[in-house]
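K.L.:
The structure that follows is given in the form of structure tokens.
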Amino acid sequence: MAVSRFREVLSKGKVLCLGCHHVRRMSSLVNVEKQGKVAVLELNRKPVNSFSLDFLQEINENLDQMENDQDCCGIIITSGLPKVFSAGLDLVKEVYKPSSEKQLSTFWQAFQEMWLRVYGSRLLTVAAINGHALAGGCVLSLACDYRIMAEGPTIGLVETEAGVPPPFWVFNNLAAIVGKGAAEKAILSSKRYTAKEALDIGMVDKVVPKEKLIDEAKSQLNELTVFSGRTMQLTKMVMRKDAVDALENRREEDIKEFVDTIMDEEVQKAIGLQVEKLHKKK
């Protein structure tokens, strides 16, 4: 039976259902388009997709919906902005001169939850990196099963520039992908890797022209989804369980370490310098 086109307005955004297998969910911050068994989650917080609490909460809500959609087998995470995948944490709104330790704790918990949802997902995940992926943006891409990067942008864990050391679970995630030695160099140097450099050390899996990025990501998911969904889910569980459990068992400790670090006077000065640089670029 044909399904007529209809529109439903939700409190968090707008859903368009264009037939049974094509659903488009739109909001001011996150757009999701699902065609068949694959969903594309598009980050859309201007100007640089920096992670604020409300942005993280909306991302997590959409990830939950896709995780619970039994007809969904894979997610492509990309950016709706032309030059930036994500610039990481929103230093101005969330990290510099925070209103309270409670606010910082809630914010960091939401960032933990985003990583846990992507890294521990039953779904196959591909980061389609169509712009600069720095700091937390790089973290999000590392949490995915597969990373395809467009020619031109840069990628890297640059948190130490702002005086903020990466948490243990981010270092472990990177080290599992590129090796411990390369991970240490990447973090200590705050290096911004070109697409080719990232490919050379294994930080990304493939580099393609920007106009071919989404098609390549869909092709990669199609190759992987030929396997049994249950088999892939169990395989991912075996590979990811230790890392997920490590964070789950230390979440409160990790939150406290983040809050103590951010509230440190010297760290606030370093963050302040980064905020000044951002203002000068505008």
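The values are calculated or read from the model by the stated rules, or taken from the named source; none is laboratory data. Just so we're clear, the structure is a prediction, and the values are computed from it rather than from any experiment. Reconstructed Cβ throughout: ideal geometry from the backbone, glycine too, with neighbour counts over all protein chains shown. The accessibility values were calculated without ligands, DNA or RNA, using every heavy atom of the protein model including side chains. Shrake-Rupley method; radii C 1.70, N 1.55, O 1.52, S 1.80 Å.
K.L.:
State, to one decimal in nm, how far the label point of residue 176 lies from the label point of residue 248, with both points 7 Å from Cα in the Cβ direction.
P.N.:
My value for the distance between the label points is 1.3 nm.
K.L.:
For the stretch 92-187, go through all pairs of different Cα atoms, get the mean of 1/r, take its inverse, and jot down that Kirkwood value in Å.
P.N.:
Working: mean 1/r = 0.0694 Å⁻¹.
By the Kirkwood definition, the hydrodynamic radius is 14.4 Å.
K.L.:
Label-point separation (nm) for residue 263 and residue 103, each offset 7 Å from Cα along Cα-to-Cβ?
P.N.:
For residue 263 paired with residue 103, the spin-label model returns 1.4 nm.
K.L.:
Using a 10 angstrom cutoff on alpha carbons, build the Gaussian network for the chain and name the most mobile of 205, 254, 215.
P.N.:
215
K.L.:
So for the stretch 243-282, Kirkwood radius off the Cα pairs, Stokes-Einstein at 4 °C and 1.567 mPa s: how many µm² s⁻¹? Mind dumping the intermediate values first?
P.N.:
Working: Rh = 12.0 Å.
Taking Rh from Cα pairs, D becomes 108 µm²/s.
K.L.:
Considering amide H positions built from the backbone, and no H for Pro or chain starts, which residues 5 or more places from residue 89, or on another chain, come under 5 Å of its amide H?
P.N.:
51, 136, 137
K.L.:
Please report Rg over Rh for the stretch 173-282, where both radii come from the alpha carbon positions and Rh follows the Kirkwood definition.
P.N.:
Details: Rg = 19.2 Å, Rh = 18.1 Å.
Taking Rg over the Kirkwood Rh, I get 1.06.
K.L.:
Among the listed pairs 185/241; 97/180; 97/281; 185/210; 37/83; 93/241, which are separated by more than 30 Å between their Cα atoms? Walk me through the numbers on the way to the answer.
P.N.:
On the way: 185/241 26 Å; 97/180 33 Å; 97/281 20 Å; 185/210 28 Å; 37/83 28 Å; 93/241 33 Å.
Where the Cα-Cα span goes over 30 Å, the pairs concerned are 97/180; 93/241.
K.L.:
State the percentage of accessible surface on the chain attributable to carbon and sulfur atoms; use a 1.4 Å probe and exclude ligands, DNA and RNA. Don't skip to the answer; put the middle values down first.
P.N.:
Details: 7490 of 13820 Å².
Carbon-and-sulfur percentage of accessible area, whole number: 54.
K.L.:
Sticking with this one: Which chymotrypsin sites (Phe, Trp or Tyr not before Pro) in the stretch 123-185 sit in a loop by DSSP (not H, G, I, E or B) and have at most 14 other Cβ atoms within 10 Å of their own Cβ? Walk me through the numbers on the way to the answer.
P.N.:
Working: sites: 146, 168, 169, 171; in loops: none.
Here no loop site has a sparse enough neighbourhood.
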